[in-house]
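Heads up, the thing below is written out as structure tokens.
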Amino acid sequence: MFFSESRIKEIEEIKKRYPEGRHKSALLPVLHLAQADHSWLSVDLMDEVARLLKLEPIEVYEVASFYTMFHLKPVGKYVIEVCRTGPCCNVGAEELIHHMEDKLGIRIGETTSDGLFTLKTVECLAACGTGPVLQIGPEYHYHENLTPEKFDQLISELRAKA
Amino acid sequence: MGKKILLEHVDVPGIQTLEVYRKMGGYQAVEKALKSMNPDEVVEEVKKSGLRGRGGAGFPTGMKWSFLDKKSDKPRYLVCNADESEPGTFKDRYLMQRIPHMLIEGMICSSFALGARTSYIYVRGEMMYVIRILEKAIAEAYAAGLLGKNILGSDYSLDLYVQPGGGAYICGEETALLESLEGKRGNPRNKPPFPAVWGLYGCPTVVNNVETIADVPWIINHGGDAYAAIGIGKSTGTKLISACGNIKKPGVYEIELGVPVEEFIYSDEYCGGITEGRKLKAVVAGGSSVPILPADLILTTANNEKRLMTYESLSDGGFVSGTMLGSGGFIVFDDRQCIVRNLWNFSRFYHHESCGQCSPCREGTGWMEKVLHRIEHGHGKMSDIDLLVDVAKKIEGKTICPLGEAAAWPVASAIRHFRAEFEEHVRNPDSCLKKHLHREAALAH
Ligand SMILES: Cc1cc2nc3c(=O)[nH]c(=O)nc-3n(C[C@H](O)[C@H](O)[C@H](O)COP(=O)(O)O)c2cc1C
């Protein structure tokens, strides 16, 4: 069972947003729900999405692999996605990213050995006036105006919560 | 203080809620349009207003609406472009987060004008919390009879939905957005046919930016002529500018089009000047895709006229000495910033975001990134500089969508205005202003 009964109901509701026969439009919203429930999109999970939406599996794979928000490999409990684009770099993002790597003892793209944190860089998050910025799924809250100190505190809070 | 059309009530406590929004005069435009105007009259007011698309291209909105194929018996769609991913641009996020009902009111009025019965707001997936804010506001609007069947007792009905993206800058391009909304990869379509004829599900469709749509209620309430009276010449009305970089007060500002650039950068009403008393080096005035200008050319045109925040003044001088208003993403660089490093960063962005459909863009953006990487990291050759110009030229105009131009213009303009800095990087790599930051593994992809 990949989805709870209430999720299945939610997916049926989403399909109603589109005209008759256009249920493929539900693919992105449903992939977001699938990832929120399972943290990443395995082939089995994508096959289940295909079955629910009456699509060919390839239609799901080709979409999931196009969009950078979808994780096609296992990730840590918290995926930390930090912006690396120009305006954030004007205000210290590069220095911050180095600090984040040192603090967690991993490089960009890696997961800590306790499985808690995955570190990723992403492109512009539309928070250029409050950079440096990062977000953490599945809620995708923004953490803005970051400093090394604020990052350390965030990590302590997440560790305590885990 | 300039005229405020969008942000007048942004600081009113509770303005996110329907109750407060209505108390401040919200949804009057829906009443007026549905009860006392016909759709063509709404289109006419928008035409008169001179409103131009706020997503970047600045195309006249009323004209775009009049291209919609109304003879077709297919359903018509209005799709709001809330993909906002152009580096430097963060105005739509601000507007949706702070005054969600303004966008919803604009969607109702605009859908009515276009005869759409179902409309979508396509929001980039990263803004999940904005999606929740919009969904809550939409639920309030349904409960109040402002959405759904027979809105406010009229014979007009509309359903409005929010659609999440999945992380892809290209989906801001309107036809890629429509593909994405159909549940596909975001590959832009060949045009023509344009969306006005063949859009969502092959039906006549209008795609408009968040800010464009949010301007419509004011135009309905006050009339197109009143809107056209604000601003200068063909730059009518107000514009949201998201200002960032090395300024004292980064943020979203609503300006009357026509404010001098110098005033925008230095006055306390707006950016408040450069941080730590540093000197202004350069500005990217309309999102990362538009040409970068050095301090002297952003403040005054080549003819020594004061540069103004208007479509026309910013583009004065064409690509030789001008730039564009674009999306209003205003990025300020102080004298500590390295133009080469920033350009390498932007080139990496465009390479990362190219959908890969057209080879000039797919290959060219990667090539530019590589060459800039080697110049920035001390392995460049003098001939690399002209090589970059050449590659940029060979992308421009040769792709299905304008992401090619968006990637090429920053390269061409940075070299045009800052060639000496590129040459200095080749001759003396240690001179790079941000040399101490290099740590290749960290930022490689
Ligand atoms: C690569 C690329 C990205 C774009 N991103 C956006 C965007 O995020 N938001 C937007 O409104 N327009 C974006 N546009 C422009 C849209 O294609 C389209 O012109 C716009 O949504 C039309 O709305 P408007 O007339 O109200 O400006 C982008 C264009 C390109 C080529």
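Within the range B:398-419, track down each residue that is surrounded by 22 or more Cβ atoms within 10 Å (Cβ to Cβ), within 10 Å of the ligand (Cβ to nearest atom) and in a helix (DSSP H, G or I). Result: B:403, B:404, B:406, B:407.
Selection of the range A:1-14 for residues being buried (at least 18 other Cβ atoms within 10 Å of the Cβ) and in a helix (DSSP H, G or I) yields A:11, A:14. Note on the range B:321-338: among residues that are hydrophobic (A, V, I, L, M, F, W, C) and modelled with pLDDT of 95 or more, the one that is farthest from the chain's Cα centre (by Cα) is B:333. Considering the range B:28-55 alone, what residues qualify as being within 16 Å of the ligand (Cβ to nearest atom), under 15 Å from residue B:108 (Cα atoms) and assigned to a loop (DSSP other than H, G, I, E, B)? Selection gives nothing. Only one of the numbered conditions (1) under 30 Å from residue B:129 (Cα atoms); (2) in a helix (DSSP H, G or I); (3) within 14 Å of the ligand (Cβ to nearest atom); (4) not acidic (Asp, Glu) is violated by residue B:58, and that is (2). Within the range A:58-75, being of a type in the set (D, E, K, R) and more than 9 Å from every other protein chain (Cβ to nearest Cβ) holds for one residue alone: A:73. Sort out which residues of the range B:312-336 are crowded, with 24+ Cβ neighbours inside 10 Å, in a loop (DSSP other than H, G, I, E, B) and aliphatic (A, V, I, L, M), and write them in order of number. Answer for the range B:312-336, where residues must be crowded, with 24+ Cβ neighbours inside 10 Å, in a loop (DSSP other than H, G, I, E, B) and aliphatic (A, V, I, L, M): just B:325. Of all residues in the range B:160-204, those satisfying the criterion of being of a type in the set (Ser, Thr, Tyr) and either facing chain A (nearest Cβ under 10 Å) or without any contact (Cβ under 8 Å) to a residue 12 or more places away in the chain (or both) are B:161, B:169, B:180, B:201. In the set (1) at positive phi; (2) crowded, with 24+ Cβ neighbours inside 10 Å, the condition left unmet by residue B:309 is number (1).
Consider the range B:172-194 and keep the residues that are open to solvent by 10 Å² or more (accessible area, probe 1.4 Å) and in contact with a strand residue (DSSP E or B) (Cβ under 8 Å, 6 or more places away or on another chain). The one that is farthest from the ligand (Cβ to nearest atom) is B:174.
Considering the range B:85-105 alone, what residues qualify as being within 27 Å of residue B:203 (Cα to Cα), within 11 Å of the ligand (Cβ to nearest atom) and touching a strand residue (DSSP E or B) at 6+ places or on another chain (Cβ under 8 Å)? Correct list: B:92 only.
Among the numbered conditions (1) touching a helix residue (DSSP H, G or I) at 6+ places or on another chain (Cβ under 7 Å); (2) farther than 29 Å from residue B:176 by Cα, the only one that residue B:388 does not meet is (2). Screening residue B:232 against (1) open to solvent by less than 10 Å² (accessible area, probe 1.4 Å); (2) away from the ligand (no atom under 14 Å from the Cβ) leaves a single unmet condition, (1).
Residues considered: B:288, B:313. Of these, the only one that is in contact (Cβ under 8 Å) with a residue 12 or more places away in the chain, polar (S, T, N, Q) and within 12 Å of chain A (Cβ to nearest Cβ) is B:288.
Pairs are defined by a Cβ separation below 7 Å, a sequence spacing of at least 6 or placement on different chains, a first member in the range B:393-409 that is within 14 Å of chain A (Cβ to nearest Cβ), and a second member that is within 13 Å of the ligand (Cβ to nearest atom) and in a loop (DSSP other than H, G, I, E, B); the pairs so defined are B:403/B:173; B:403/B:354; B:406/B:289.
Residue count for the range A:128-145, restricted to those that are within 11 Å of residue A:82 (Cα to Cα) and among the small types (Gly, Ala, Ser): 1. Scanning the range B:179-202 for residues that are polar (S, T, N, Q) and touching a helix residue (DSSP H, G or I) at 6+ places or on another chain (Cβ under 8 Å) yields B:180, B:187. Among the residues making up the range B:61-84, a single one is within 11 Å of the ligand (Cβ to nearest atom), part of a loop (DSSP other than H, G, I, E, B) and open to solvent by 10 Å² or more (accessible area, probe 1.4 Å): B:84. Scanning the range B:375-395 for residues being modelled with pLDDT under 95 and surrounded by fewer than 19 Cβ atoms within 10 Å (Cβ to Cβ) gives a total of 3. Could you count how many residues in the range B:247-269 are more than 20 Å from the chain's Cα centre (by Cα), open to solvent by less than 10 Å² (accessible area, probe 1.4 Å) and under 10 Å from residue B:309 (Cβ atoms)? Counting residues in the range B:247-269 that are more than 20 Å from the chain's Cα centre (by Cα), open to solvent by less than 10 Å² (accessible area, probe 1.4 Å) and under 10 Å from residue B:309 (Cβ atoms) gives 0. When we screen B:223, B:251, B:237 for residues that are on the phi > 0 side of the Ramachandran plot and in contact with a Phe, Trp or Tyr (Cβ under 6 Å, 6 or more places away or on another chain), the only hit is B:237.
The values are calculated or read from the model by the stated rules, or taken from the named source; none is laboratory data. Remember, predicted model here, so these are calculated numbers, not experimental data. Please note: Cβ atoms are built from the backbone with ideal geometry, for glycine as well, and neighbour counts cover all protein chains shown. Protein only, heavy atoms only, side chains kept; ligands, DNA and RNA dropped before computing areas. Shrake-Rupley method; radii C 1.70, N 1.55, O 1.52, S 1.80 Å.
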